[in-house]
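The values are calculated or read from the model by the stated rules, or taken from the named source; none is laboratory data. Here the structure is a predicted model, which means the values were calculated and not measured. Note that each Cβ is placed from the backbone with ideal geometry, even for glycine, and that neighbours are counted across all protein chains shown. We work out accessible area using only protein heavy atoms, side chains counted, and drop any ligands, DNA or RNA first. Shrake-Rupley method; radii C 1.70, N 1.55, O 1.52, S 1.80 Å.
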Amino acid sequence: MSLNQRILFSATLVLLIFIVTIALTLDRAFYDSARVGVKDRLFAKLLMIMGDTEVEESGALDVSTNLLDAELGHVNSDTYAFVIDHTNTIAWRSTSSLNEQIPTVALLEKGKKQFAQIMIDDEPYFIYSYGVAWETPSGDYPLTFSVITDTALFEAQIERYRENLWGWLSVMTVLLLVTQMGVLRWGLQPLRKVSAELVAIESGRQENLKGDYPSELKLLTDSINSLISHEHKQQKRYRNGLADLAHSLKTPLAVLQGAVNSEDDEQSRRKTIHEQIDRIDNIIQYQLRRAATAGSSPGMGLITLRPMVDRMVATVAKAYRNKHPEITVDIDDAIGLRIDEGDLMELLGNLVDNAFKWCRQSIHLFADYQENWIIIQVKDDGPGIPSHEIARILERGVRADQSTPGHGIGLAIVRDITQVYGGELSIENNPSGGACVTLRLKKSK
């Protein structure tokens, strides 16, 4: 089931449940209101009868029937009334009750009212009874006045109301469903646009998502574009790495071919061959590490810098057992980078290894925030790096077979990884001696 179908189905189900609940609630409210209306109408007739009634001292009732309304004064009327006395016998009945069956009604206490629905000859009727104690000079006479009406008018009123209610609610439901479909189609339009653009990207008609999307989708589309950009950069690095590898291997292979066909003595030839094999090994290592650089990706986690530095210092120190420099690490525990762990280890490994290699007595590692950047510095008190060699190390596009002697491919790897993450590498000599390598990497959000 598509997202549009899911939302439409769930919204329609909720709407139908809401409409049915509202209809049942309104139906019940109208039913109760109509029932109260019948009760009030019967009570009004009952009060009218009581107002036209007189009780003689003998207990006989005198009701002025000529004052009664038309309903009680005509035979076969839908409404009739009667009065029972203290002996539970009928003391008076209206003209409209002559052809009607009088139900059995118990004598009610003074002031007690009773409204109910009863069955007479399998037909439903409403009955309202009221108990009184009529005072006369000879004493009190308990009487119960009752008014009965059939439910035909009540049921017809309820039926007419239900027809109107369900009819209008059905029309409203259809209109709401049509409106809902239009709203959903308009609301989901950005998702359909994303889908269409992804199809266009897959078919090669465009390179990334270019639409202007609402804020709820902006993070998603930006992340997709970042992933696409990261993938393109990764592919480009692979292609460039293969091209650079092929180009870099041409020179040492040509030298090896010349050495094989050379008429020089064996020792000279062996020396040339070993030099070119080492050179080829350096080239391959450099290009493999360069191609393996992950680069910035939206899915990367935040890595705390200090533990990684401590770990790398401890690892490199084991390789230089004969050296015991004073190592100062000035890095706050809260500093973190959003970078691939392997790339960070490659950066730190090369910088710390060079520091150990060239230091005399001390190494200083420092990191801190500077506006939107994280500054990482590795200092040593060694002989430093000549200015012309610094220029070659920082030169963009320098190949491994052109790397600065003595520094191998380490700084070239550091330079390339830093550039992949949009950072900067700078090298300078300390006034007191030694080199200072500085990395500027973008601060993680």
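Accessible surface ranking for ASP122, ASP265, ASP85, 1.4 angstrom probe, highest first: ASP122, ASP265, ASP85. Return the FRET efficiency for the residue pair ARG311, THR438: r is the Cβ-Cβ distance, R0 is 22 Å, and the value is rounded to the nearest 0.05. Between ARG311 and THR438 the formula returns 0.55. Taking amide hydrogens as placed 1.01 Å from N in the peptide plane, the amide H of GLY336 sits under 5 Å from those of LEU305, each at least 5 positions away in sequence or on another chain.
Of all lysines in the structure, the ones whose alpha carbon falls short of 28 Å from that of LYS357, not counting any fewer than 8 places away in one chain, are LYS271, LYS318, LYS323, LYS379. Between the amide H of ILE327 and those of ILE363, distances stay under 5 Å, these residues lying 5 or more places away or on another chain, with hydrogens modeled in the peptide plane. Rounded to the nearest whole Hz, the Karplus-based 3J(HN,Hα) values (6.51 cos²θ - 1.76 cosθ + 1.60, θ = phi - 60°) of the range 345-361 follow the sequence 5, 5, 4, 5, x, 5, 5, 5, 5, 5, 5, 5, 5, 9, 6, 9, 10, with x at glycine and proline. Per residue, the accessible area of the range 22-162 comes to 54 Å², computed with a 1.4 Å probe over protein heavy atoms only. Which residue fluctuates the most in the chain, going by a Gaussian network model with Cα springs under 10 Å, if the choices are THR21, THR53, THR315? Answer for the Gaussian network model of the chain: THR53.
Percent relative contact order of the chain, based on C-alpha pairs within less than 8 angstrom and at least six residues apart? Answer for the chain is 9 percent. Among the lysines, which fall within straight-line cross-link reach of LYS45, defined as a Cα-Cα distance under 30 Å, with same-chain neighbours fewer than 8 residues apart omitted? List returned: LYS110, LYS112, LYS113. Looking at the range 7-102, the GluC sites (Glu not before Pro) that sit in a DSSP loop and have at most 13 other Cβ atoms within 10 Å of their own Cβ are GLU56, GLU57. Label-to-label distance, ASP62 versus ASN225, with points set 7 angstrom from Cα along the beta-carbon direction: 10.2 nm. Toward the positive end of the charge dipole of the chain, with +1 on the Cβ of Lys and Arg and -1 on the Cβ of Asp and Glu, the farthest Cα among TYR213, ASN354, SER94 is that of ASN354. Each eigenvalue of the Cα gyration tensor of the range 57-201, multiplied by 5 and square-rooted, gives one semi-axis; in descending order these are 64, 17, 12 Å. Computed per residue of the chain from DSSP H runs no shorter than four, each worth -39500 (n - 2.57), the mean residue ellipticity at 222 nm is -18000 deg cm²/dmol.
Across the accessible surface of the range 1-155, with the other protein chains kept in place and a 1.4 Å probe, carbon and sulfur atoms take up 55 percent.
Ranking ILE375, ASN261, PRO325 by how far each Cα lies toward the positive end of the dipole of the chain (charges on Cβ) leaves ASN261 at the top. Ignoring ligands, DNA and RNA, please state the percent of accessible area on the range 268-389 from carbon and sulfur, probe 1.4 Å. The C+S portion of the solvent-accessible surface of the range 268-389 is 48 percent. Counting only heavy atoms of the protein chains and using a 1.4 Å probe, LEU242 has close to 120 Å² of accessible surface. Each label point was placed 7 Å from the Cα along the Cα-to-Cβ direction; for ALA319 and LEU177 their separation is 7.3 nm. Exposure check, 1.4 Å probe, all protein chains in place: ASP330 carries approximately 80 Å² of accessible surface.
For the range 188-244, lysine pairs separated by 8 or more sequence positions, or belonging to different chains, with Cα-Cα distances below 19 Å total 4.
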